[in-house]
Each structure stands twice: as structure tokens, then as C-alpha cells.
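Q: Dumping the structure here so I can ask a few things about it.
FYI, it's all coordinate maths here, none of it is from the lab. Quick caveat: nothing in here was measured; it's all calculated off a predicted structure. As a convention, Cβ positions derive from the backbone with ideal geometry for all residues, glycine included, and neighbour counts pool all protein chains shown.
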Amino acid sequence: MQILCFIGFTLLVALISYIRTKGTPENTADGYFLGGRSLTAATVAGSLLLTNLSTEQIVGLNGASFKEGILVMAWETIAAITMVITAIFLLPRYLKGGITTIPQFLERRYDTMTKTITTVLFLSGYVVVLLPIVLYSGALAINTMFDVPELLGVSKSGALWVTVFGIGIIGSIYAIFGGLKAVAVSDTINAIGLLIGGVLIPYFGLKLVGSGDVFEGLAVLFHEHPEKFTAMGGPETSVPFGTVFTGMLLVNLFYWGTNQAIIQRALGAKNLKEGQKGLLLASFVKILGPVIVVLPGIIAFHLFGDVLQNGDEAYPTLVTKVLPTYLVGFFAAVLFGAILSSFNSALNSSVTLFGLDIYKTYIKPEASQEQTVKAGKMFGIVLALLAMVVAPLIAYAPNGLFGYLQKVNGCYSIPILTIIIVGYLTKFVPAIAAKISIGSGVIFYIAYILLDEFVWPGIFPHYLHVMAILFAFNVVLMLLIGRFYPLKEAYAQAYTHQVDIQPYKYLKITGGLIFVIVVSIYIYFA
């Protein structure tokens, strides 16, 4: 019954995605890479949320809250604010320029070499880190929660390979052969399922804690573990409160405002109004995110705190303990959809970056749109196969790989964010400033990681503070270069008329409301 429910829901998502994308022209760049610029607010919001919400976050953040409590909710609440900033400041400029990829803007603002360097940085992050880790962590979660080795009668290693290739093949079909719209539609459906399933876990968990009463369960947690409900993290925690105003804000702004795998959903909006509404809707849901990715970890601490040693086991153990048998198949399906979403979204963005920024620029500049799409698909197939082969091997990697993931991503996130922000806010800063900024950002951050890990551990500020320091340094560096070696002509962004850029009339009011809610949450849990 559980397997039938899992297969049935997964096939239903595929069928609806096929029907909804049947008329989208996929032999053109806009049709394939941006869903024909036809995405509505609900589709943009659903795809944004499910691209973000996957096993690394569900299992990882709940594992962190198991150890540290509600203070790790900063990754969710600050994201809501940066999504509002993206809707107000960045998205109007993206859609005005009619860009398909973030590096396209950098080519117009700076030069082709800057675009190429940024594209390589994006692809490196996706290929080396994101795709294999999404596959590995997703397969590990599915295997652990639902005992796939026992189900298939194979070893843990064998089950890992089977699950990795299952996720990889299905995700590749969506991403490579369906284009962005197929990814976005399937994401939206799975997002609804994941929100329902994700809320059910703390619901049943609180009922167990409160002997059948959810509110009594909450009261028990507050009374017995008050230290878990303090939002202000101290200097020894993974998220010191001060980092909320420095690197935490910058990391989230990069992720939601400039990361190709995320912002591509908003770039595919039918107009600016729908894109902004989609970002605002997603930010409201993000505020509620701690219910799914933080609260279950605290419930697990109450139930298993004296048994579990590894926080990452908290969420799978809680699911196994509290979820009724008749819902296991449904939850497996929506969790599978979340894993699938992160994989196919990153893969689709990699295909987009390669097709438009590498193949069309360097390999075959005279290529037609259809040839560009075809080349991107071929690259996607190779990339997907490589990720599927590499992912199971992560099991043999040194301990601590996942713990350093957020930290290592700063190598490319902060340099890219720096040149985009300066590019939009200034008119005379030249391309050489962008190249120097990228180089210094990458080199200094790698040097910091090596020194902090192997030479002088513990003497440097928190890595989120280091990100903010490097961001400020590179901004000043770019402005100084622009002051002494300015462009001869001021940069002016042209309006391409790809979509209507009339803004959502309640944008600022809604954005202000989201800001007030986030601040109120921190005041309440202070």
C-alpha cells in the first residue's frame, strides 16, 4: 500500500506537469530555459520554495535545532527579508534587461570575460558540490527513513546506488527534456504536498509529547526546554546573533537574488507583477518554515535527546516514530519530490548557463536557438551521469563534508554578489574592477578557510563575519578602481520589452509587513 501510494503520487505529478507544459515551445531559448516567460505568481513561489527545500535543509536544520534550538531559524527568517529585497531591487532590473542568466547581465555591464568567469564559478559550484550532494543526501534520507535495503533485499551500498540513479534519472527527464516550465510545475505540486507532509510531522510529534494534545505538547517543550527557544545565539553557537546583520544577510541575498538555480524561476515570470507576487508569497511561507525545519528537531530532542548522539539522525528517527503507517507512502513521495526538485533545478540551471554562456559564446556563436537548446541538453545528460556516478562515492569522503558546505560556498557566492550589486548601483566602474574583485574574493576566502582549518584554528571571526568583511573590502576596492580608472561612457541599462515591468502595487506595503513580522518573531523569542 505504501509503495502504491508513493508511485501513484509521483506519477500524478508527472502527468500534471506533462499536461501543463504540452503547449510550451521548447525549441527556443525562452521556451526551454524560461518556460516561455509564462510563469504565474503561484508557480514562481512553489518552484522557489521546493528548489530550496530539500533533504540537506530538512534533515540538516532539524539536526542543528536538535543541538542548538530555535536560533538556527535565522536561515529561514532572514531569507524572507532578502526575498523582499530581491523583489523590490533586483527583479525589476533583471526583467527590464530581459536576461535569461545572471552572467548575461554581467556581460552587458562589464565584458564577456567577466561573464565567462562568473559562469565557470556557478558551474563549478553546481558540478562539484550541489548536484552530487543533493543526490547523496536525498538517497541517504530515503534509504534511512523507509529502509530501502530491506525492501529491495540489497546492501546499504547497493541501495544507495539504486536510489541515487532513480532520483538522477527522473530528475534529468524533468530538467533536460521538459525545460524550466516542467520543473516549475512539478515543483509547485510537490511544494503543496511537502508543506502538508512537513506540517504533519511536528503535528504528530507534539501530539505524542502532549499525550494527544498538540498545545499541551508545545507547553511541555517550552516548560522543559526553555533554552531551546532562545533566538539570540551567543558567540559559541553556529549562528551568533550578530551574523544576522552581516554574512547571514549577504549569503541569503546571494542565494535568493543572484543564484541562477533560484532566480531563474522569477526570470521566467510572465511579467514583473507576477514575479514580485511570487517572491512575496514565497517569503510569507518562508517565515513559517521553522515549523517544518526547526520545530521537529526540538521535538526529537525531547523524545530522543538521551539516546541520539548524531543530530542529523533526529528528523529520520522522529518520522519513523510518529508518522502513521498509512501516510508513509505519501510522505515518501513528497520527500522524493523535494529531493528531485533541488536536483533538477540545479541541473536545468547548469544546462542554461552552458548553452547560453559557453556554447553560444565560444563554441558556436552562429548557432540557432534550437541548436543551443540541443547542445545544452547534451551537456545536461553528461553532467547528470557524472553526478550520479560521483554521488555514492561521497559516502567514503572524510567526515565533516556537510558541515563545511555552507562555509565553502562563500568562495564564489560573495564575489559574484559583490560585482552584481556594484554593477547595478554604479555607472562608471570598469570591467577590470569586477575581475580583480572576483580574484581577490576567491583567493582571500580560500586562504581564510585553509588558515582557519589547518594553521590558526579559532582565532578568526565567524565565517559569516569574514564574508561580510570581504564583501565590504571588495566593494571599496571596486569603487576606488572606478574612481581612478572610470569608464569613458556611463553604463545605461536598456529596456528590452520582453515582459511588462509594471510593479505590483502593494509591493512595498507587503514587504514592510513581512519585515515587521520577522522583527516581531525575534523580539518574542529574545
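Q: Within segment 482-496, take every residue that is without any contact (Cβ under 8 Å) to a residue 40 or more places away in the chain and assigned to a helix (DSSP H, G or I) and give me the one that is farthest from the chain's Cα centre (by Cα).
A: Restricting to residues being without any contact (Cβ under 8 Å) to a residue 40 or more places away in the chain and assigned to a helix (DSSP H, G or I), the top hit is 484.
Q: Hey, which of the helices (runs of 4 or more DSSP H) in segment 401-472, taking only ones fully inside, have at least 3 residues that are farther than 17 Å from residue 125 by Cβ?
A: Answer list for segment 401-472: 410-425, 431-450.
Q: Related question: Tell me, yes or no, whether segment 327-346 has at least one residue that is under 25 Å from residue 45 (Cα atoms) and touching a Cys at 6+ places or on another chain (Cβ under 6 Å).
A: yes
Q: Out of all the residues in segment 345-356, is one or more in contact (Cβ under 8 Å) with a residue 60 or more places away in the chain, crowded, with 19+ Cβ neighbours inside 10 Å, of a type in the set (A, V, I, L, M) and within 18 Å of residue 55 (Cβ to Cβ)?
A: yes
Q: Kindly provide the set of residues from segment 357-394 that are out of contact with any Ser or Thr (no Cβ under 6 Å at 6 or more places or on another chain), among the charged types (D, E, K, R) and in contact (Cβ under 8 Å) with a residue 40 or more places away in the chain, ordered by number.
A: Selection gives 370, 377.
Q: Given (1) touching a helix residue (DSSP H, G or I) at 6+ places or on another chain (Cβ under 7 Å); (2) among the aromatic types (Phe, Trp, Tyr); (3) over 30 Å from residue 461 (Cα atoms), where does residue 215 come up short, assuming only one miss?
A: The single condition residue 215 does not satisfy is (1).
Q: May I ask you to verify whether residue 479 is of a type in the set (A, V, I, L, M), crowded, with 18+ Cβ neighbours inside 10 Å, in contact (Cβ under 8 Å) with a residue 24 or more places away in the chain and part of a helix (DSSP H, G or I)?
A: no
Q: Quick check on my filter: what residues within segment 405-420 are crowded, with 21+ Cβ neighbours inside 10 Å and either under 26 Å from residue 452 (Cβ atoms) or without any contact (Cβ under 8 Å) to a residue 12 or more places away in the chain (or both)?
A: Listed by number, the residues that qualify are 410, 412, 413, 414, 415, 416, 417, 418, 419.
Q: I'd like the full set of residues that are more than 30 Å from residue 515 (Cβ to Cβ) and among the aliphatic types (A, V, I, L, M), limited to segment 84-127.
A: Within segment 84-127, 113, 117, 120, 121, 123, 127 meet the criteria.
Q: Where residues in segment 205-216 are part of a helix (DSSP H, G or I) and more than 18 Å from residue 288 (Cβ to Cβ), which of them is farthest from the chain's Cα centre (by Cα)?
A: The residue in question is 216.
Q: Of the numbered conditions (1) farther than 17 Å from residue 354 by Cα; (2) free of Cβ contacts under 8 Å to residues at least 60 places away in the same chain, residue 128 satisfies every one except a single condition; which is it?
A: The one condition residue 128 does not meet is (1).
Q: Taking helices (runs of 4 or more DSSP H) that do not extend beyond segment 234-287, which have at least 2 residues that are of a type in the set (S, T, N, Q) and within 23 Å of residue 103 (Cα to Cα)?
A: Output list reads 260-267.
Q: Every residue in segment 312-344 that is crowded, with 24+ Cβ neighbours inside 10 Å, polar (S, T, N, Q) and under 20 Å from residue 294 (Cβ atoms), please.
A: If the condition is that a residue be crowded, with 24+ Cβ neighbours inside 10 Å, polar (S, T, N, Q) and under 20 Å from residue 294 (Cβ atoms), then 342 is the only one that fits.
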